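Notes follow the structure.
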Amino acid sequence: MSIVEERKIPRWKLDEVSELEEKLKNSSTIMIADIQGFPTDKLHEIRKKLRGIAEIKVTKNTLFTIAAKRAGIDLSKIEGYITGSNAFIFSNDNPFVISIFLSKFKLKRFPVPGDKADEEVVIPAGDTGMTAGPILSTFGKLKVQTKVQDGKVHVVKDTLIAKPGDPIPAEAAPILQKLGIMPVYVKLRLKAAYHQGLLIPVSELEINLDTYRSMINEAFRNSLFLGVEIAYPVPEVLKLTLSKAHMRALALAGEAGFLTPDTASAVLSRAVSKAYAVLSAISGKVDLGVEVPKQPEQAQESKKEEKKEEEEKKGPSDEEIAGGLSSLFG
């Protein structure tokens, strides 16, 4: 008879799995974030910012996997993301809301060799509080003008040592730490979200709000234009529809010569314009004893007409003149 020794599982692991299972069952959104090399103190800051919105839990992948199975999560969808060091975010909020919040929430840290600047790195003018000594040569390498006053290093003027996207000089790190300058942003790197059974990769979680705002505005304009054209019966659209119909009616009345107190201005303006057009057309052939004033739009087109005269070498025919008078005077 063989004796099988029962493997004892630490109490804390059992409690951890039970806690995770409970969170998974009570959360509609689970997000996975990569925290490899992520500063612990910065994760604590994010945890505080998310309080009331979501909860961040750092745990072993194996314990999370066991809890997920117990909670009925479809592991086939998310198991590819449960690798490396992870933090798990539990929430009942929309995953896109959390993603946008995290993208706007910028934490900063001091640079390490190889970092690039996320913002301008400027050594400000004034007392650095550093004792004069070997540090002066470091300032010299960075081309920062200094002077020694009361045994302390003073920077003469603000000096830019790196622009956004530029590598931060390695020798600048101790100076930046002394001055409390943190030009590198820290962002929690999301991997994916699992929302009500749907897996959303990080590429789809990252939303450009300006682009979506522009798309929505364009869709609103297009729908409004369509509503006006088909006279969709809602107050917001009908106001525009009636206004447009009124303008079209005035234009039609002016064209047809239909005279009413409301259309008189449009009818007379069109008649005057036609009269000037006819006078301009016959002014070179018939002396009417009337000087034809140039209208603003006619002044712009006069040069075009001169070119046409050279090409055509003829004016309007008698039939065209008769047609113009007939349309003007009925």
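The values are calculated or read from the model by the stated rules, or taken from the named source; none is laboratory data. Since we're looking at a predicted model, the values are computed, not measured. Here the Cβ positions follow ideal geometry from the backbone for every residue, glycine too, while neighbour counts run over all protein chains shown. Just the protein is used for accessible areas: all its heavy atoms, side chains included, with ligands, DNA and RNA removed. Shrake-Rupley method; radii C 1.70, N 1.55, O 1.52, S 1.80 Å.
Inside the range 269-278, can you point out the residues that are under 22 Å from ALA245 (Cβ atoms) and surrounded by fewer than 16 Cβ atoms within 10 Å (Cβ to Cβ)?
SER269, the sole residue that qualifies.
Can you tell me which residue among SER269, SER327 is modelled with pLDDT under 75 and among the hydroxyl-bearing types (Ser, Thr, Tyr)?
Only one candidate qualifies: SER327.
Identify the single condition in (1) assigned to a strand (DSSP E or B); (2) within 30 Å of GLU21 (Cα to Cα) that THR83 does not satisfy, given that it satisfies every other one.
(1)
For the range 4-45, give me the residue count where each residue is basic (Lys, Arg) and either under 21 Å from THR83 (Cα atoms) or surrounded by 12 or more Cβ atoms within 10 Å (Cβ to Cβ) (or both).
4
Determine which member of the set VAL148, VAL156, VAL144 is open to solvent by less than 30 Å² (accessible area, probe 1.4 Å), more than 30 Å from ILE32 (Cα to Cα) and more than 29 Å from the chain's Cα centre (by Cα).
Exactly one residue qualifies, and that residue is VAL144.
Of everything in the range 203-231 that's in contact (Cβ under 8 Å) with a residue 24 or more places away in the chain and part of a helix (DSSP H, G or I), which residue is nearest to ASN26 (Cα to Cα)?
Selected residue: LEU205.
Could you grab me the full set of residues in the range 232-272 that are assigned to a loop (DSSP other than H, G, I, E, B) and in contact with a Leu (Cβ under 9 Å, 6 or more places away or on another chain)?
TYR232, PHE258, LEU259, ASP262, THR263
Within the range 51-66, is even one residue among the aromatic types (Phe, Trp, Tyr), under 27 Å from the mean Cα position of the chain (by Cα) and assigned to a helix (DSSP H, G or I)?
no
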